[in-house]
Amino acid sequence: MPQLTSKQVLVIVTNYGVEQDELLVPVRHLRDHGAVVTVAAAQPGDIRTLVGDEKPGETVLPDTTIDAVDPAGFDLLIVPGGTINADALRLRPEALKVVEAFTSSGRPVAAICHGPWALVEAGRVSGATLTSYPSLATDVHNAGGTWVDEPVVRDAGAGFPLITSRTPGDLPEFLREVDAALDD
């Protein structure tokens, strides 16, 4: 079991539509291993998760908002998926600024399912090999990345450590690589 004490992790989401397990499983896992995890939502108020993009999931109270967080103090960024969440997140300038802050400073970013849309929108996948939910493959290719169908991909081809996975079913592999990136 990794000990991640003193590691600071930022998770960015919108307030509706994030895939429940892609938010809660990493947050609980990292906190259980000693990391300090900050969940930043697009707006103040509850985060309403979904299961499979359609069934209501757990409601989560965020720690802060995306526009109020200073990304400089964090070791790793997580961008969960959920089609609705990821599509709305990539249209928020404050979310793209967070992605740009991490990628331009060479800190790791971990994105799962539709989460890589934020990296595509921020122009940060050129040169990278990554995975995602299969429907993003064309977006990744058009943005200069290489899309592969693997449970997890850890790559630094875009100039920063990038960890990506396809679906909630890949969370064990995703978390293994997140742990390793925080342990580096």
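Read the figures in this text as sums done on the coordinates, not as results from a lab. These numbers were taken from a predicted model, which means no experiment stands behind them. Neighbour counts are summed over all protein chains in view; Cβ atoms, including those assigned to glycine, are modelled from backbone coordinates with ideal geometry.
Numbers at a glance
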| read-out | value |
| --- | --- |
| Ranked T59, T5, criterion: other C-beta atoms within 10 Å, fewest first | T5, T59 |
| DSSP-defined antiparallel bridges as percent of all bridges, the chain, nearest 5 | 25 |
| 222 nm mean residue ellipticity, helices alone, for the chain (DSSP H n ≥ 4; -39,500 (n - 2.57); rounded to 500) | -8500 deg cm²/dmol |
| Length released on extending from S135 to D70, taking residue separation times 0.36 nm less the Cα-Cα span | 20.2 nm |
| Farthest toward positive dipole pole in the chain [+1 Lys/Arg, -1 Asp/Glu at C-beta], among I47, A68, T138 | A68 |
| Rg to Rh quotient for the chain, alpha carbon positions, Kirkwood Rh | 0.92 |
| Gap separating the Cα centres of the range 152-184 and the range 45-101, nearest whole Å | 18 |
| The chain, relative contact order in percent, only Cα pairs under 8 angstrom and at least six apart counted | 20 |
| Unit charges on C-beta of K, R, D, E only; dipole of the chain, Debye | 220 |
